[in-house]
Structures are given as C-alpha cells and as structure tokens.
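The values are calculated or read from the model by the stated rules, or taken from the named source; none is laboratory data. Treat the numbers as computed from the prediction; the structure is a model and nothing was measured. Here the Cβ positions follow ideal geometry from the backbone for every residue, glycine too, while neighbour counts run over all protein chains shown. The accessibility values were calculated without ligands, DNA or RNA, using every heavy atom of the protein model including side chains. Shrake-Rupley method; radii C 1.70, N 1.55, O 1.52, S 1.80 Å.
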Amino acid sequence: MALTRQTPADRNGHGAAEHGHTAADDDVSKRLLESAATLSYDPMTEIDWDAPLPEEHYGLNPEWSTLYGTRLWDEMTEPQRVALTRHEVCSIMNTGIWFEMILQQMVLRDQYLKNPANAEFQFALTEIADECRHSIMFARACQKMGVPAYRPNKVIAQAGRAFKALAKGELAYGGILVAEEVLDVMQRDWMRGENVLEIVRGSSRIHVVEESRHMKFARQEIRERVRHAGPARRRASATGIAIGAYVIVSSMVHPGVYKAVGLDVARALDEVKGNEHRKAMMRNSSRHLMAFLAETGLITSRSAAIYRRVHML
Ligand SMILES: [Fe+2]
Ligand SMILES: [Fe+2]
C-alpha cells in the first residue's frame, strides 16, 4: 500500500500506518485530544438526577415527535403527547446505547496493537471512554423517566452483532458517523427546548459537545481509509454505510412507544409513514452528512436510493 509520508511509528516497526495514516493526519487527533482535555464532562455530577420531572415537560421538542403534524397528533390529549415524547426520547437513547456499544467494539478492534504513542490511538481510546459515560448517562435518563428499555428486533440485533464484529475501515467509521450526525442534529434542538425535560436538555448538551470531536475523528478516519481505495471498494462501502444508515434510522423509534401511550399501533405507524413534516426534518438533518459522503465518493446511485427510502436524501 502506498504511504504518503512515514511516521515515527512506521520507523519503529509498529505498522501504525497500514491504512495510510500520516503525521499530518495525526495532527487532527492531537488537536482533538487537546480539546478533550479542556472540555469534557462527567454526567454523574453535571446533571441533577434527583430533581423532580415537571409534568408538562416533553421528552423531546414536539416537532421531533414522529407523529407531530399528523391528524393523530391533533386527536391526542396533551398528557398523551408528553408521554409519547418521553417514550420516543428513551427509545432513541436506547438506540444510542446499542450503537455506542457497537462503536466501542469497532474502534477497539481497529486500534488493536497499534502504536500507543500515536495521537490517533490515544484519541480513539478517549472516544471509547466518552461513549462509556454517554451510555450510562442515557441509561440513567431513561430510568429516571421510568421508561423500560426498547430494543431492536431479533434480526436487526443479530445484524448489529455481525456488523460490530466484522466492519472495518471506512465502513465502520461511516456507520459511526451516520449515527452521530443524525443524533447530533436532534440533540441541538433538544438542548435548547424550553419545554423539554432538564435531564434531556443537560444530557444533550454534554453529548453535542463531546460528539463534535467524535464526528471530526470519524470524518478524518474515513478520508484516510478511502484515500487509496479503488472504485469497487468505494462502491461496496457506500452501499454498506447506506444499509447501516437505513437500519439506524428505521430502528430509532420503537413501535412499542405508541402502544405505551394507548394508541392504535397500526394506525400510528401508518400516520408516521405518511408524515411529510417528519420526512422534511430527516432530510434537513442529513444534509451535512450527505455532503460529506458525496465529497468522499461514498454516494452512489445504489446508496442514494437507500437514503431516499429513509428520507435522508
Ligand atoms: Fe456518544
Ligand atoms: Fe460518539
């Protein structure tokens, strides 16, 4: 494999540059490490976990509810809407925990026996530590809201198991970036929502700050991995990332949330499917991600068709 520049790690024989990682690439990780040292949070002390939850506060901004803008939403009582948004946010947080576990394993596998002196190695482990705190934070928030765990169905759960054991390079980091970008856009609204529960606002604030570094890291890793990838590999990765995005987006909100607030599940799913407001929100929140994937050659006609099915394009 062609190397653009040799790093001290290569000269030491650690083989840290097997994916074309250069000294210039390592500077990105160095800056991310410095940023992590100045601005990181401990959610256990940062959030007031004992404060009571005001009855009228939503779990997420109503505009982010899957039913907002539908006839069914208009028919619902206000307490029902509040309850629905709490179940929805917990379902998304559970998807977050599920994905953070996949991510931690992929990043750990990727860094296996790489040179610990590299900033890339050190930031990767910093990211794993962040995700560990995030998952506990989401778990605490759901527990506080009294919403039981929503899990992906058996087929999707098994697919996730395979993905976390096998995905590598731009496919692994592409999957990571998709999940982080989609959550980021929603959480920027949640943290500002004055009618949103304080534990959701606080946990979103922490997540947005720390994830902005993770997204920079994922983008950098993707750029490095596709730098020397041929067209066949790029096409295969583009499809793989799109399938990952499809799975993440379609399993974000569990159908059980509608049943939990006393709605007819079949009708609710039907209304969600035709919800134009929801589709516009999804397209808007994916704009930045789609631009990056296009720039790195990871949008193909096949992957674009998959993104369109989940209204990310
Ligand atoms: Fe996270
Ligand atoms: Fe992350």
ask   = Within the range 192-215, can you find the residues that are of a type in the set (A, V, I, L, M) and either away from ligand 1 (no atom under 14 Å from the Cβ) or farther than 23 Å from residue 287 by Cβ (or both)?
value = 196, 197, 199, 200, 206
request  = Output the residues belonging to the range 94-110 that are within 15 Å of ligand 2 (Cβ to nearest atom) and farther than 16 Å from residue 212 by Cα.
outcome  = 95, 97, 98, 99, 101, 102, 104, 105, 106, 107, 108, 110
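Check 247, 261, 265, 272 and return the single one that is surrounded by fewer than 17 Cβ atoms within 10 Å (Cβ to Cβ) and either under 22 Å from residue 82 (Cα atoms) or touching a residue at least 24 places away in the same chain (Cβ under 8 Å) (or both). Spell out the reasoning first.
Details: 247 fails: surrounded by fewer than 17 Cβ atoms within 10 Å (Cβ to Cβ); 261 fails: surrounded by fewer than 17 Cβ atoms within 10 Å (Cβ to Cβ); 272 fails: surrounded by fewer than 17 Cβ atoms within 10 Å (Cβ to Cβ).
None of the other options fit; the residue is 265.
Given the criterion in contact with a Phe, Trp or Tyr (Cβ under 7 Å, 6 or more places away or on another chain) and among the polar types (S, T, N, Q), identify the matching residue among 153, 115. Before you say what the answer is, go through the steps one by one.
Details: 153 fails: in contact with a Phe, Trp or Tyr (Cβ under 7 Å, 6 or more places away or on another chain).
Exactly one residue qualifies, and that residue is 115.
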ask   = Do we have any residue at all in the range 157-180 that's over 12 Å from the mean Cα position of the chain (by Cα), within 16 Å of ligand 1 (Cβ to nearest atom) and part of a loop (DSSP other than H, G, I, E, B)?
value = no
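In this structure, is residue 225 touching a residue at least 24 places away in the same chain (Cβ under 8 Å), closer than 30 Å to residue 79 by Cα, of a type in the set (Lys, Arg) and more than 16 Å from ligand 2 (Cβ to nearest atom)? Before the answer, list the steps.
Working: touching a residue at least 24 places away in the same chain (Cβ under 8 Å): yes; closer than 30 Å to residue 79 by Cα: no; of a type in the set (Lys, Arg): yes; more than 16 Å from ligand 2 (Cβ to nearest atom): yes.
Criteria not met by residue 225.
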request  = Could you check, for the range 160-181, whether at least one of its residues is closer than 21 Å to residue 86 by Cα, out of contact with any Asp or Glu (no Cβ under 8 Å at 6 or more places or on another chain) and surrounded by fewer than 18 Cβ atoms within 10 Å (Cβ to Cβ)?
outcome  = no
task = Consider residue 212 carefully, then state whether it is within 14 Å of ligand 2 (Cβ to nearest atom), at pLDDT 95 or above and open to solvent by 30 Å² or more (accessible area, probe 1.4 Å).
result = yes
request  = Those residues that are exposed (fewer than 15 other Cβ atoms within 10 Å of the Cβ) and among the aliphatic types (A, V, I, L, M), I need them from the range 34-51; list them, please.
outcome  = 37, 39, 44, 51
inquiry  = Looking at residue 253 and the list (1) out of contact with any Cys (no Cβ under 9 Å at 6 or more places or on another chain); (2) among the β-branched types (Val, Ile, Thr); (3) in a helix (DSSP H, G or I), which single condition is not satisfied?
reply    = (3)
ask   = Counting only residues that are within 12 Å of ligand 1 (Cβ to nearest atom) and not aromatic (Phe, Trp, Tyr), which one in the range 98-113 is farthest from residue 198 (Cα to Cα)?
value = 107
request  = Looking for whichever is without any contact (Cβ under 8 Å) to a residue 60 or more places away in the chain and either aromatic (Phe, Trp, Tyr) or under 22 Å from residue 280 (Cα atoms) (or both) here; the options are 77, 95, 85. Which one fits?
outcome  = 85
key: Criterion: hydroxyl-bearing (Ser, Thr, Tyr), within 14 Å of ligand 1 (Cβ to nearest atom) and either more than 21 Å from residue 186 (Cα to Cα) or not in a helix (DSSP H, G or I) (or both) - qualifying residue of 95, 126   = 126
